[in-house]
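S.K.: Please see the structure below; I have some questions.
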Amino acid sequence: MSQLDDLKTAIKSRLGELECVIGWEQGYDPLHATPLFIRSEADLDRLIIGPLAVHNLATYLTGWKGKKVGVVVKGCDSRSVIELMNEKLVSRDDVVIFGLCCDGVVSQRKIRAALPADPGFVESVEIGADSLKVTVAGQAATLRLADVQADKCLVCDTPDAIVSDFLIGKAHTPAPAPSLKCQDEFEAKSDAEKFAFWQETMGRCIRCYACRNACPMCVCRDYCIATSRDPLWVSQENLPSENMMFQMIHVSHLAGRCTECGECERACPVDIPLMLLRRYMNKQVRDVFKHEAGKALDQTPPLLTFKVEEERINERGW
Amino acid sequence: MPAQDVRELRIVGFLCNWCSYGGADTAGVGRFTQPTDLRIIRVPCSGRIDPLFIVRALMNGADGVLVSGCHPRDCHYAEGNFYARRRLEMLKRFLPITGIDERRFEYTWVSASEGQRWQHVVTEFTRRIHELGPAPSFNPKSDVDWNALAVKASQGQGCPCHGSIQA
């Protein structure tokens, strides 16, 4: 894996001046990765990249504000880093970006569904060019990578890091699918069907805030209005309406800022398809403001500015 | 115009202090007849209105929400309603994915001298909400409905992309 070696060399060259470099390592089993905070060259041996390195490590950047850190990013993660910089939440000078040219990551949810048995603990994983050989309880199963790819990778148009100090790997010419089938199907449903769907899924929500905590753009931490008692935006009752209200807060605070990294949906322990909401909001932002968060440095999020004459908002004469 | 034979619905109105609230006052002083379903909340500026106010109102059982401020370029604070316009437009466009009928929310601009226009806005919006009827509740109303929801939720119907793997 020469890409990994290139990355290690690049990190080694800058590690001395950095507090740490954030990457991935193997987690509790060979199928699951976990974030790795590299502080010394010895830690470098544990670094991994590839389709299992799913986490968006930009989430950690605001926690290191004011310190110089390095971060390893895929194309989609680099959008989050850029958006954080555009909002002046992290400074470009404080972050060394090790950009990857990504071939897509897996969805653990899809792997789980494709395996014959519930993968409590995976014994081994072999990653081929376009397949994944997973051994669970002595049984090996070969999955096509294309079948278990995360939804976001199917429509990805930024596989390579947009802004980086080191770009590792060969650049792609992305050919994304125009839209996601499940999104189109859901949007085509009637209001009543959609309403019933959210009632049901929000009935499942345990409000663990994993979606918020995994989100790279959710930077309020202890000051999140969803957990404030005064004003009490969301009551402590476990009602579908309160759970939905929390999601509405998340979506509206991300309007024009969401980089569609899919971390909220990935982190959800009860499999709520949160990206249906995010993707829809992003589509509206694209239509009205021609804006895509994190696609370029020095952009202002559309809701933090205005034009006296809006081209695509009708003045709503009655 | 009192709510004659129909049940009165709950419509929440967020009006900016300087234009639309004045406009509503002008309509009252002019003794224009208006439907009585609207409950007005006066805010300093349409820029004060967090779109989440509207969501919260709809979630808590409002049948409709009307927002009105100064005409763009006429804001008392110069630019409050320019920001409001962007936010409210995004909310209005976002509502369909949640299954909440986006016609239950409307925003418009009414100046303090436009009593007539205010009467028109209120009458039209109230008529629209009455056509839509009472808003469905996001929470089940009875124990039976709660149980049905709990059963469905535990089965985890899920979204189409999670139920099956796409080829």
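Readers should treat all values here as calculations from the given coordinates under stated rules, not as data from a laboratory. Every value quoted in this text rests on a predicted model; they were computed, and no experiment measured them. Here Cβ is always computed from backbone atoms with ideal geometry, including for glycine, and neighbour counts include all displayed protein chains.
S.K.: For A:K189, which lysines qualify as cross-link partners when the Cα separation must be under 28 Å and same-chain residues fewer than eight apart are set aside?
M.R.: Candidates past the 8-residue exclusion: A:K110, A:K152, A:K181, A:K283, A:K290, B:K92, B:K141, B:K152.
S.K.: Let me ask another. Residue by residue through region A:301-306, which ³J(HN,Hα) values in whole Hz follow from phi under the Karplus form 6.51 cos²θ - 1.76 cosθ + 1.60 (θ = phi - 60°), with glycine and proline marked x?
M.R.: Result, rounded to whole Hz: x, x, 7, 9, 8, 7.
S.K.: Further question on the same structure: Work out the charge dipole of the protein assembly as shown with +1 on the Cβ of Lys and Arg and -1 on the Cβ of Asp and Glu about the Cα centre, then indicate which of B:Q116, A:A214, A:T300 is farthest towards its positive end.
M.R.: Of B:Q116, A:A214, A:T300, it is B:Q116.
S.K.: Using θ = phi - 60° and the Karplus form 6.51 cos²θ - 1.76 cosθ + 1.60, what ³J(HN,Hα) does each residue of region A:253-263 get, whole Hz, x for Gly and Pro?
M.R.: Coupling constants for region A:253-263: 6, 9, 4, x, 10, 5, 9, 6, 7, x, 5 Hz.
S.K.: Now a separate question. Can you bin region A:179-308 into rounded, prolate or oblate? Criterion: square roots of the alpha carbon gyration tensor eigenvalues sorted a ≥ b ≥ c, rounded for a/c under 1.5, prolate for a/b above b/c, oblate for the rest.
M.R.: Oblate shape, in that a/c is at least 1.5 and b/c is the bigger or equal ratio.
S.K.: Something else now. For a protection proxy built on the mean count of beta-carbon atoms within 10 angstrom, sort A:282-291, A:150-159, B:106-115 highest first, please.
M.R.: Working: A:282-291: 17.3, A:150-159: 19.7, B:106-115: 21.3.
Listed from highest to lowest mean packing, they are B:106-115, A:150-159, A:282-291.
S.K.: For A:235-241, what's the mean count of beta carbons from other chains sitting within 10 Å of each residue's beta carbon? If you can, show how the numbers build up before the last one.
M.R.: Values: counts 0, 0, 1, 0, 4, 8, 8.
Partner Cβ neighbours, averaged per residue: 3.
S.K.: Still on this model: Show me A:174-185, A:92-103, A:32-43, A:234-245 ranked by packing, highest mean number of other Cβ atoms within 10 Å first.
M.R.: Working: A:174-185: 13.4, A:92-103: 20.0, A:32-43: 15.3, A:234-245: 17.8.
Result, highest mean Cβ count within 10 Å first: A:92-103, A:234-245, A:32-43, A:174-185.
S.K.: How much mean residue ellipticity at 222 nm does the protein assembly as shown get from its helices, if each DSSP H run of length 4 or more adds -39500 (n - 2.57) and you divide by all residues, to the nearest 500 deg cm²/dmol? Mind dumping the intermediate values first?
M.R.: Values: 17 runs with 174 residues, N = 485.
Result for the protein assembly as shown, helices only: -10500 deg cm²/dmol.
S.K.: Can you list the HN-Hα couplings for region A:219-227, worked out from phi with the Karplus curve (6.51, -1.76, 1.60; θ = phi - 60°), rounded to whole Hz and with x for Gly and Pro?
M.R.: The phi angles translate into 10, 6, 6, 6, 9, 4, 5, 5, 10 Hz.
S.K.: How far apart, in nanometres, would the label points at B:D145 and A:E126 be if each is projected 7 angstrom from Cα along the Cα-to-Cβ direction?
M.R.: 5.6
S.K.: Here is a further query. Dipole of chain A, Cα-centred, from +1 at each Lys and Arg C-beta and -1 at each Asp and Glu C-beta, to the nearest 20 debye?
M.R.: 240
S.K.: Neighbouring Cβ atoms within 10 Å as the yardstick, rank B:Y21, A:Y223 fewest first. Could you put the intermediate results ahead of the total?
M.R.: Details: B:Y21 23, A:Y223 8.
So the residues, fewest neighbours to most, are A:Y223, B:Y21.
S.K.: About the Cα centre of chain B, how large is the charge dipole given +1 on each Lys and Arg Cβ and -1 on each Asp and Glu Cβ? Please answer in debye to the nearest 20. If you can, show how the numbers build up before the last one.
M.R.: Working: 20 positive and 17 negative charges, 55 e Å.
For this selection, approximately 260 debye.
S.K.: Label region A:95-200 by shape, choosing from rounded, prolate and oblate, from the square roots a ≥ b ≥ c of the eigenvalues of the Cα gyration tensor; if a/c is under 1.5 it is rounded, and otherwise prolate applies when a/b is larger than b/c, oblate when it is not.
M.R.: Numbers: a/c = 2.25, a/b = 1.09, b/c = 2.05.
Verdict is oblate for region A:95-200.
S.K.: Which residues in region B:74-105 have a backbone N closer than 19 Å to a point placed 7 Å from the Cα of A:T305 along the Cα-to-Cβ line?
M.R.: Zone members listed by number: B:79-90.
S.K.: For region A:179-308, what is the charge dipole size about the Cα centre, in debye to the nearest 20, if Lys and Arg each add +1 at the Cβ and Asp and Glu each add -1 at the Cβ?
M.R.: 340
S.K.: Now a separate question. Whole number please: convex hull volume per residue, Cα atoms of chain B, in Å³. It would help to have the intermediate numbers written out before the result.
M.R.: Values: hull volume 22.9 nm³, N = 167.
Here the figure is 137 Å³ per residue.
S.K.: Let me ask you something else. If you fit an axis through the alpha-carbon atoms of helix B:143-155 and take the longest principal axis of the Cα set of chain B, what angle between them do you get, 0 to 90°, nearest 10?
M.R.: 60
S.K.: Continuing with the same structure: Lys/Arg Cβ at +1, Asp/Glu Cβ at -1, dipole of the protein assembly as shown taken about the Cα centre: which of A:S179, A:T62, A:A267 is farthest positive-ward?
M.R.: Checked the options; the winner is A:T62.
S.K.: So, one more: Of A:V155, A:Y223, A:V71, which is farthest towards the positive pole of chain A's charge dipole, taken about the Cα centre with +1 and -1 on the beta-carbons of Lys, Arg and Asp, Glu respectively?
M.R.: Toward the positive end, the furthest listed residue is A:Y223.
S.K.: Okay, next question. Please compute the Cα-Cα pair-distance distribution of the protein assembly as shown with 10 Å bins starting at 0, giving whole percents from short to long.
M.R.: 4, 18, 26, 24, 16, 8, 4, 1, 0
S.K.: How far apart, in nm, are the 7 Å Cα→Cβ label points at B:V29 and A:A141?
M.R.: So the label points at B:V29 and A:A141 sit 7.4 nm apart.
S.K.: Can you order the peptides B:89-95, B:147-153 by their average number of other Cβ atoms within 10 Å per residue, highest first?
M.R.: Values: B:89-95: 21.9, B:147-153: 14.6.
The peptides rank, most packed first, as B:89-95, B:147-153.
S.K.: Can you give the average number of partner chain beta-carbon atoms within 10 Å of each beta-carbon in peptide B:45-52, as a whole number?
M.R.: Details: counts 0, 0, 1, 0, 0, 4, 6, 7.
Counting other chains' Cβ atoms within 10 Å and averaging over B:45-52 gives 2.
S.K.: Let me check against my output: what whole-number percent is the relative contact order of chain B, with C-alpha pairs under 8 Å and at least 6 apart? Mind showing how you got there, number by number?
M.R.: Numbers: 241 pairs, mean separation 48.6, N = 167.
Here the relative contact order equals 29 percent.
S.K.: Then there's this: Within 10 Å of each Cβ in peptide A:199-206, how many partner chain Cβ atoms are there on average? Round it to a whole number, please.
M.R.: Numbers: counts 10, 10, 6, 4, 10, 9, 1, 0.
Across A:199-206, the average partner-chain Cβ count within 10 Å equals 6.
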